[in-house]
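The values are calculated or read from the model by the stated rules, or taken from the named source; none is laboratory data. None of these values were measured; they are calculated from a predicted model. Cβ sites come from the backbone with ideal geometry, for glycine too, and all protein chains shown count toward neighbours.
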Amino acid sequence: MTPPSDPPAPWGSCRFCGVAVPAGATRCGICGADGPVPAGRMPGAPRSVRRRVRLTSALRVLIVVVVVVGLTYTIVGAVLSGPPNVPDPLSTSGSHVIPVAGVWVLSGEITGGDYVVGNFSTIDPVGLSVVVSVYNESQWAVRSGGGDATPTYALPAEASARIIFSAPYTDTYYFVFANPYPAASELNVTAYVVTQYESNVGDDGLG
């Protein structure tokens, strides 16, 4: 039969910071102060030591409470605020200068079945036309390389028109607003464009 082992010696307290110190230690392992107070002898320690220990203990408790409150506030605030609201790049409004024989391009990913609606009108000079075409990723690469690309959606040259584009599948799409006038005309066109990304979730159509 194994004889019972002696119970561990009780720990004392640091006379400076008040943390627990192993029995028999001559120095605090946290702050390095000499002469720890043995277990059970803190009530008989000098008043300045007892006051310091009470103060440091209270400060430790306060720090823990502040950390817990701060973490709780951060977590609860994040839950209540929900996910960040990041504007979709295909929801825009503004005027854009389309250089003569050049283009202005708006691009972004569209989930299959979702759509982009909007409108445009030329404002300077008023009444000039703009050609609108939408290309998927692969056809845009063809167009950018100077090839004969096929748009997924296109509007004829008009001074103003409504845009209603429904993505047949998920891809990055490029809305190309082209100035159809030849370079010799020196006609830069400013168009005011409004677009809005719309999800088809819970919607039977365009309204």
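Some points to look at:
- Selected residue (only one of Ala58, Ala149, Ala141, Ala154 is in a strand (DSSP E or B) and without any contact (Cβ under 8 Å) to a residue 60 or more places away in the chain): Ala154
- For the range 37-52, a residue qualifies if it is modelled with pLDDT of 75 or more and either touching a Gly at 6+ places or on another chain (Cβ under 7 Å) or over 30 Å from Val21 (Cα atoms) (or both), and the qualifying residues are Val37, Pro38.
- Check on Val117, assigned by TED's automatic domain parsing to the domain that holds Pro180 and either at pLDDT below 80 or among the aliphatic types (A, V, I, L, M) (or both): yes
- Number of residues in the range 84-125 that are over 28 Å from the mean Cα position of the chain (by Cα), in a loop (DSSP other than H, G, I, E, B) and hydroxyl-bearing (Ser, Thr, Tyr): the value is 0.
- Any chance Asp88 is in contact (Cβ under 8 Å) with a residue 24 or more places away in the chain, under 24 Å from Tyr181 (Cβ atoms) and among the charged types (D, E, K, R): no
Here's the yes/no breakdown for (1) β-branched (Val, Ile, Thr); (2) at pLDDT below 95; (3) within 20 Å of Val194 (Cα to Cα); (4) loosely packed, with under 14 Cβ neighbours inside 10 Å:
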| position | (1), (2), (3), (4) |
| --- | --- |
| Asp88 | no, yes, yes, no |
| Val103 | yes, no, yes, no |
| Leu106 | no, no, yes, no |
| Glu109 | no, no, yes, no |
| Ala141 | no, no, no, yes |
| Ser144 | no, yes, no, yes |
| Pro156 | no, yes, yes, yes |
| Tyr169 | no, no, no, yes |
| Ala178 | no, no, yes, no |
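- Leu128 meets the stated requirement of being hydrophobic (A, V, I, L, M, F, W, C), in a loop (DSSP other than H, G, I, E, B) and surrounded by 17 or more Cβ atoms within 10 Å (Cβ to Cβ).
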